[in-house]
Amino acid sequence: MKFVKSIVTRETLTTEVAQNLLLLFVVFFAFIPIRYVLTGYSEDILGNYSDFTSISVYLSLIFAGGLGLWTIYSWMVYPPSNSILRVVGLFIATALLYILLLPHEQKTLGVYSIIKIACGIFVGYHVYKSEIALRYKDIFLWTIVGLGTVNAVIALIQFGFQSSIGLNMIGESPLSIFGWEIAKSVAHGTTFIRSYGLFPHANILGGLLVIISILNLYLLNKYTQYSHHVVLFVTFCLISAGIFTSQSRAALLAMAIAYLVYGLLLIRRESKIALKSLAPITLWLAILLVIFFPWLSNRATLTDAALTERAVLAESTIQSVADNWLLGTGPGTNLIMLHGKLQNTTDYWLIQPVHNYFLINISDFGLIGLTAMVLILILFIKQIIHTIADRYMDHTWGFTLSAICIAIFILFWFDHYFYTYWPAQLSLALVLGFVARYIQQPKQLENREVQN
């Protein structure tokens with residue numbers, strides 16, 4: 001109701017609501033993609049219907065760019081601090097340096113990669129600076145949980161039918177047991193497809209649903225109204241089942257550790273209430289484990305072809321890092337570099353970006369980029385751990401952000417989509433924005449108390 005009432009005034013309509021609508025459009029088009037291919041020179045090497053050729057990605061980025069323009073306009077009215085201006089200047093200078101150093105045929109790809117990073121920064125900055133983290137956070141989280149539920153339901157139907165279900169125009173990949181370049185698993189000697197939802201790969205579905213499921217847990221523990229509680233429990237059941245249908249080893253590992261951390265933090269804070277609320281969740285996860293055990297037991301092996309292929313990608317990337325250790329090969333070029341190195345020794349469709357967030361960053365940006373990323377991660381992790389104990393904080397939200405950060409950190413080691421795929425990049429930007437706002441919140445509340 002607060003969101004509806006806030007639209008009444010002209011001032012709010014032209015500022016806060018408009019910005020939040022832009023953010024909602026950014027998320028909507030990222031998670032409900034429109035499958036229309038934009039052809040270009042990079043279409044073949046990057047893959048048809050990929051992140052680089054989907055019109056929905058460009059629509060999402062356009063709205064993110066709108067947030068950026070809004071931010072720049074607000075800076076003209078209310079100038080930001082000198083530290084922010086220095087960071088912006090450093091980012092622009094670094095981006096121009098990398099673009100100038102790229103070969104001519106890779107400049108377009110480099111510019112596109114930097115634009116995606118810039119859009120992610122604008123989204124994270126908006127979440128950090130705007131009132132959405134305080135006033136409209138729950139509405140925004142309900143939206144994300146709703147989109148996650150849609151993908152989970154589609155994933156469950158795909159797993160049941162063992163094929164795609166005719167939603168190709170809104171992002172569904174063509175899935176078939178007999179198709180090539182499709183993620184599969186084996187159980188009881190039978191081959192099964194792994195669910196994709198509306199994403200281009202099962203691993204992406206699993207990873208993003210892990211993050212969304214933790215947000216679902218936050219809402220589930222926050223709301224006491226019976227109808228809300230029932231709806232949120234149903235969405236959690238669907239989303240967690242969707243994670244299992246993806247059969248992503250990294251996602252399942254991240255889910256197990258993140259859930260364990262979240263549960264322990266919650267029990268330590270409010271043991272009796274937490275145990276009561278966590279009991280049905282634990283029971284449901286145990287049921288899922290029993291149902292999907294035949295597929296999970298097969299995925300538990302460390303000797304399958306997928307791991308061998310990943311090792312080849314990692315080895316080739318490490319060789320490239322050794323040759324370009326300071327500045328890397330340029331933003332967005334890891335896949336092109338791997339095609340150049342492996343085209344005569346590996347099947348074309350097996351060549352993918354290296355499945356490690358840290359390795360792909362140092363490959364593209366060199367030691368400079370990796371150092372900046374590690375410093376940012378250390379700062380965020382240190383600050384959020386420190387603020388969890390603060391007496392002013394919403395502890396449940398702090399536990400939620402901590403669990404999500406742990407899940408993302410685990411996923412960093414096993415896949416590339418937080419670097420290469422816009423919806424995952426967007427999720428990372430949103431999380432960092434919420435974490436930054438959470439870290440800043442105690443200072444603001446302390447200042448208010450001093451003034452009072």
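The values are calculated or read from the model by the stated rules, or taken from the named source; none is laboratory data. As the structure is a computational prediction, the values presented were derived from the model and not from experiment. In this analysis, Cβ positions are derived from the backbone assuming ideal geometry, glycine residues included, and neighbour counts consider all displayed protein chains.
Table: residues versus (1) under 29 Å from residue 206 (Cβ atoms); (2) modelled with pLDDT of 80 or more; (3) surrounded by 17 or more Cβ atoms within 10 Å (Cβ to Cβ).
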site: 12; (1), (2), (3): no, no, no
site: 51; (1), (2), (3): yes, no, yes
site: 69; (1), (2), (3): no, yes, no
site: 79; (1), (2), (3): no, yes, no
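Could you please let me know if residue 176 is more than 19 Å from the chain's Cα centre (by Cα), over 30 Å from residue 237 (Cβ atoms) and not charged (D, E, K, R)?
On the way: more than 19 Å from the chain's Cα centre (by Cα): yes; over 30 Å from residue 237 (Cβ atoms): no; not charged (D, E, K, R): yes.
In short, no.
Any residue that is within 19 Å of the chain's Cα centre (by Cα), within 27 Å of residue 396 (Cβ to Cβ) and of a type outside the set (Val, Ile, Thr) - is there at least one of those in region 259-266? Step through it out loud before you land on a result.
Let us first name the residues in region 259-266 that are within 19 Å of the chain's Cα centre (by Cα), namely 259, 262.
Among the residues that remain, those that are also within 27 Å of residue 396 (Cβ to Cβ) are: 259, 262.
Restricting the remaining residues to those that are of a type outside the set (Val, Ile, Thr) gives 259, 262.
The answer is yes; a qualifying residue exists.
Condition first: touching a residue at least 12 places away in the same chain (Cβ under 8 Å) and in a loop (DSSP other than H, G, I, E, B). Now tell me which residues in region 199-251 satisfy that. Even if it seems obvious, please write down each step before you answer.
Taking region 199-251 as the starting set, the residues that turn out to be touching a residue at least 12 places away in the same chain (Cβ under 8 Å) are 199-222, 232-233, 235-251.
Of everything in region 199-251, those that are touching a residue at least 12 places away in the same chain (Cβ under 8 Å) and in a loop (DSSP other than H, G, I, E, B) turn out to be 199, 200, 201, 247, 248.
May I ask you to verify whether residue 96 is among the aliphatic types (A, V, I, L, M), at pLDDT 80 or above, out of contact with any Gly (no Cβ under 7 Å at 6 or more places or on another chain) and assigned to a helix (DSSP H, G or I)?
Details: among the aliphatic types (A, V, I, L, M): yes; at pLDDT 80 or above: yes; out of contact with any Gly (no Cβ under 7 Å at 6 or more places or on another chain): yes; assigned to a helix (DSSP H, G or I): yes.
So residue 96 fits the description; yes.
Need pairs with beta-carbon distance below 7 Å; first residue over 18 Å from residue 131 (Cα atoms) and within region 59-71, second in a helix (DSSP H, G or I) and of a type in the set (D, E, K, R); sequence gap 6+ or separate chains.
That search, which allows pairs on different chains as well, returns 61/116.
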